[in-house]
Amino acid sequence: MSMNSFGHLFRVTTWGESHGPAIGATVDGCPPNVPLEPAMLQQWLDKRKPGQNKYTTQRQEADLVEIMSGVFEGKTTGTPIQLMIRNTDQRSKDYSDIMEKFRPGHADITYWQKYGIRDYRGGGRSSARETASRVAAGGVAREVLTAMVPGLSITGCMVQMGPHKVDRDNWDWDQIAQNPFWTPDAQAATDWAAYLDGLRKSGNSVGAVVEVVARGVPAGLGAPVYNKIDTDIAAAMMSINAVKGVEIGAGMGAAELTGEDNADEIFMGPNGPEFSSNHAGGILGGISTGQDIICRFAVKPTSSILKTRQTITKSGEAAEIITKGRHDPCVGIRAVPVGEAMMACVLLDHLLLHRGQVGGNQGVIG
């Protein structure tokens, strides 16, 4: 299985398994002389780590990141950066009952069909534990973006849990960090708490929608055909465990609009072009417009639930299964920092590609 890397110039390779000794990432293509310390990455891993409240898995992992190479005297050297996160709270015995059974909704059956071997202890590479490596790599990307594009920010939040959506009239960016669901709607956070508590106690789970917004992105990133920035953003988000759908800007809702309603009108402002709206999600023809880049992705319900389900064994016999262990009742909660990390990696990759191809924007307006 060789396809464990993503990115073009800023390239990330993740490694390790859920119940192995450690997981991590090798980051290649990072420019030199960027300040980088473990604490700069740890803040993002702390946002993702399990066991922080009753609404996430109770697996207790400190998720402490170690920088093994590529940094000297607190600055990047331009060589590969090796990041490692040790696993400290595996309970492999929780999975002994499913050694011969395929869990519905999981990658167990497809891994077995493709490779003829699978790590039944939490799913191995298919486990969402792998996303901690992405968050660490995304922390590196954030530091480089801060150095190259001061003012660029990336913020993720949950905008829907099951059928319950946020009220966008209540949107408050400051509220996102003040509740366990990373939602900008304080009332939604209160409502979701009661809703998810009921599901959690019954042994069930629910899906969610996560929105990631990148503000301060320069115009000109991307390319018109095969290297569209929205193509890479969509692929990056779709690669996150349990993600089943991605949209940019108006997304699927654009199908309900007329051309008159959908096209974002353009005006000349004091600092350059301005748009009447942002149905395009900050991207036109695969190239960033300078507006906010807005992406949403749908996360399916956690498949590991304390409900009896029908399945088969490796020998093809019918069986029943209950997935024991410690699992997220709504995996969308911890997907928020993962989406932010993937956005950071894609933006930096395209910033480096843009700089390498044209240096800076060529077309002058006004």
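For region 235-266, filtered to residues that are of a type outside the set (A, V, I, L, M, F, W, C) and closer than 17 Å to LYS300 by Cβ, the residue that is most open to solvent (accessible area, probe 1.4 Å) is LYS244. Of note, ASP119 satisfies the criterion of being surrounded by fewer than 22 Cβ atoms within 10 Å (Cβ to Cβ), in contact (Cβ under 8 Å) with a residue 60 or more places away in the chain and touching an Asp or Glu at 6+ places or on another chain (Cβ under 7 Å). Against the numbered list (1) closer than 29 Å to ARG129 by Cα; (2) small (Gly, Ala, Ser); (3) open to solvent by 20 Å² or more (accessible area, probe 1.4 Å), ALA341 comes up short only at (3).
Just so you know, in region 12-34 the residues that are free of Cβ contacts under 8 Å to residues at least 60 places away in the same chain and in a strand (DSSP E or B) include one that is farthest from THR231 (Cα to Cα), and it is THR26.
Using the structure shown, decide if ALA107 is under 22 Å from LEU41 (Cβ atoms) and open to solvent by less than 60 Å² (accessible area, probe 1.4 Å). Reasoning before the result, please.
Working: under 22 Å from LEU41 (Cβ atoms): no; open to solvent by less than 60 Å² (accessible area, probe 1.4 Å): yes.
No.
Kindly indicate whether any position in region 146-154 is more than 30 Å from SER315 (Cβ to Cβ), of a type in the set (A, V, I, L, M, F, W, C), touching a helix residue (DSSP H, G or I) at 6+ places or on another chain (Cβ under 9 Å) and surrounded by 19 or more Cβ atoms within 10 Å (Cβ to Cβ). Yes: one or more hits.
Counting the residues of region 37-70 that are assigned to a loop (DSSP other than H, G, I, E, B), open to solvent by less than 60 Å² (accessible area, probe 1.4 Å) and modelled with pLDDT of 95 or more gives 2. Considering every residue within region 311-333, establish whether at least one is in a helix (DSSP H, G or I), without any contact (Cβ under 8 Å) to a residue 24 or more places away in the chain and more than 24 Å from LYS101 (Cα to Cα). Looking through region 311-333, none of the residues is in a helix (DSSP H, G or I), without any contact (Cβ under 8 Å) to a residue 24 or more places away in the chain and more than 24 Å from LYS101 (Cα to Cα).
Yes/no matrix, rows are residues, columns are (1) under 11 Å from the mean Cα position of the chain (by Cα); (2) among the aliphatic types (A, V, I, L, M):
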residue	(1), (2)
ARG296	yes, no
ALA319	no, yes
GLY332	yes, no
VAL338	yes, yes
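For region 194-206, the criterion of being at pLDDT below 95, crowded, with 18+ Cβ neighbours inside 10 Å, among the polar types (S, T, N, Q) and within 24 Å of SER303 (Cα to Cα) is met by at least one residue.
Annotation: of all residues in region 347-359 being open to solvent by 10 Å² or more (accessible area, probe 1.4 Å) and part of a helix (DSSP H, G or I), the one that is nearest to VAL149 (Cα to Cα) is LEU351.
The condition of being among the aliphatic types (A, V, I, L, M), under 30 Å from GLY20 (Cβ atoms) and touching a Phe, Trp or Tyr at 6+ places or on another chain (Cβ under 7 Å) holds for ILE109. Among the residues of region 146-200, how many are farther than 22 Å from VAL243 by Cα, of a type outside the set (Gly, Ala, Ser), in a loop (DSSP other than H, G, I, E, B) and touching a residue at least 40 places away in the same chain (Cβ under 8 Å)? Residues that pass the stated criteria total 2.
The values are calculated or read from the model by the stated rules, or taken from the named source; none is laboratory data. All values reported here derive from a predicted model rather than from experimental measurement. As a convention, Cβ positions derive from the backbone with ideal geometry for all residues, glycine included, and neighbour counts pool all protein chains shown. Just so you know, the surface numbers come from the protein's heavy atoms only, side chains and all, with ligands and any DNA or RNA stripped out. Shrake-Rupley method; radii C 1.70, N 1.55, O 1.52, S 1.80 Å.
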